[in-house]
Amino acid sequence: MTQPSPNTWSGKTAIVTGAASGIGAATAELLARKGMKVMLSDIQPVQLAAAATGLLAQGLQVAHCACDVSDADSVKTLADFTEATFGNIHLAFNNAGIAMHGVPMHEMPLGDWRWVSEVNMNSIIHSIHHILPRMLHHGDPAFFLNTASIGGLQVNPAWMTGAYSMTKYAVVAMSEGLENELKSTAVRVAVLCPSAVSTNLSDAHTRPERLGGATDRPQQGFLREAIMRTGATPSYVARRIWQAMEDGEFYILTDAAAQPVIEARHRRIEAAVSRAAAFREQHSN
Ligand SMILES: NC(=O)c1ccc[n+]([C@@H]2O[C@H](COP(=O)([O-])OP(=O)(O)OC[C@H]3O[C@@H](n4cnc5c(N)ncnc54)[C@H](O)[C@@H]3O)[C@@H](O)[C@H]2O)c1
């Protein structure tokens, strides 16, 4: 199916989650500058309103809607409000997420397991359930973009990110599955796998009361220092996303920093395949 050239996104409607800060805020701004009608959404209402007000003051066509992406009903309300405000939804940037770095998994409280799973992973399920069917129903060209992480392609041994990576591997898997399933439709799918980006990701104060309330883990400082020192800017990532939309990329990476770890992982898997093949040759079922 033919996909739209980038300028055909002008006048179309986008939803961006996690739009009060970081990658979401920068991408919402870029999409609005490209002529899209953008619904900014976030769990932090004050920062969200400030972000939207800033863009409105520049004459951009945006609105905002507070939403907790870990809550399915909240995502449905976001979709309903967006359609009521701007009409059909053409681009969903499922981007809101939280960090869970530097914590050994056996020491993680169950509340944190639930939190990271519900925000990073269930959020995508909620968008697949409540937003994607609307795109398929209207039938116009549309784009379903999920934010995973470079941690969705490898578990960096230096960063203790098993639980975070679990959620981001799931985002990659759901994206790969959607790409297969939607091949004959007008909805294109992509997955953003950024390396470090200098954002507020290390803040951990957005955990809802039902998941145990705000948390302040000592390990957050480790992530804060690392992403602020080495990270790309959010606006760089937004430009990278736009370029990848133009080029029809599926896996959208932001740099090659994790290349050795990714290659080492793939080599181990390929070696395991070879060992299984050798075993198969020597043994009957
Ligand atoms: N910054 C990095 O180094 C990096 C690297 C790889 C992937 N990512 C991913 O990028 C995405 C954006 O993160 P960022 O780096 O811009 O961080 P950020 O903290 O600056 O922005 C994330 C936004 O998501 C919002 N959010 C958190 N929980 C939410 C919820 N339940 N419902 C709705 N909104 C919620 C936060 O309020 C915040 O405004 C995340 O999915 C993150 O995992 C970030």
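Can you give the FRET efficiency for ALA158 and LEU136, using 1/(1 + (r/R0)^6), R0 = 51 Å, r = Cβ-Cβ distance, to the nearest 0.05?
In this case the efficiency is close to 0.80.
Along segment 183-198 the Karplus relation, 6.51 cos²θ - 1.76 cosθ + 1.60 evaluated at θ = phi - 60°, assigns HN-Hα couplings of 3, 8, 10, 8, 9, 9, 10, 8, 10, 8, 10, x, 7, 4, 9, 7 Hz to successive residues, with x for each Gly and Pro. Compared with the dominant principal axis of the Cα atoms in the chain, helix 22-33 is inclined by about 40°. Expressed as an acute angle from 0 to 90° and rounded to the nearest 10, what is the orientation of the C-alpha long axis of helix 72-86 relative to the principal long axis of the chain? Taking Cα atoms only, the helix is inclined about 40 degrees. Across segment 125-133, rounded Karplus estimates of 3J(HN,Hα) from the backbone phi angles (6.51 cos²θ - 1.76 cosθ + 1.60, θ = phi - 60°) give 4, 5, 6, 4, 6, 9, 10, 4, x Hz, Gly and Pro being marked x. Straightening the chain between HIS129 and SER184 buys 17.9 nm, computed as 0.36 nm per residue apart minus the Cα-Cα spacing. If the chain linking ALA57 and ARG114 were pulled fully straight, counting 0.36 nm for each residue of separation and taking away their Cα-Cα distance, it would gain 16.7 nm.
Label point of ALA84 set 7 angstrom out along Cα-Cβ; within segment 35-61, amide nitrogens under 19 Å from it belong to 38-43, 45, 49. Per-residue ellipticity at 222 nm from helix content only, as computed over the chain with -39500 (n - 2.57) for each DSSP H run of at least four residues, stands at -14500 deg cm²/dmol. Annotation: extensible slack from ASP247 through ILE269 equals 5.0 nm (criterion: 0.36 nm per residue apart, minus Cα-Cα distance).
Counting other C-beta atoms within 10 Å, which of ARG33, ARG207, ARG275 has the fewest, and how do the rest follow?
If I rank by nearby Cβ atoms, fewest first, I get ARG275, ARG33, ARG207.
Residues whose amide H comes within less than 5 Å of that of HIS64, counting only those at least five positions distant or on another chain, are LEU40 (H built at 1.01 Å from N in the peptide plane). 3J(HN,Hα) along segment 201-208, derived from phi through the Karplus expression 6.51 cos²θ - 1.76 cosθ + 1.60 where θ = phi - 60°, amounts to 4, 6, 5, 10, 9, 9, 5, x Hz, with x in place of Gly and Pro. Peptides 67-77, 185-195, ordered by how many other C-beta atoms sit within 10 Å of their residues on average, highest first, read 185-195, 67-77.
Quick note: the coordinates plus some simple rules give every number you see, no bench work behind them. Keep in mind that this is a model prediction, so the values were computed, not measured. Reconstructed Cβ throughout: ideal geometry from the backbone, glycine too, with neighbour counts over all protein chains shown.
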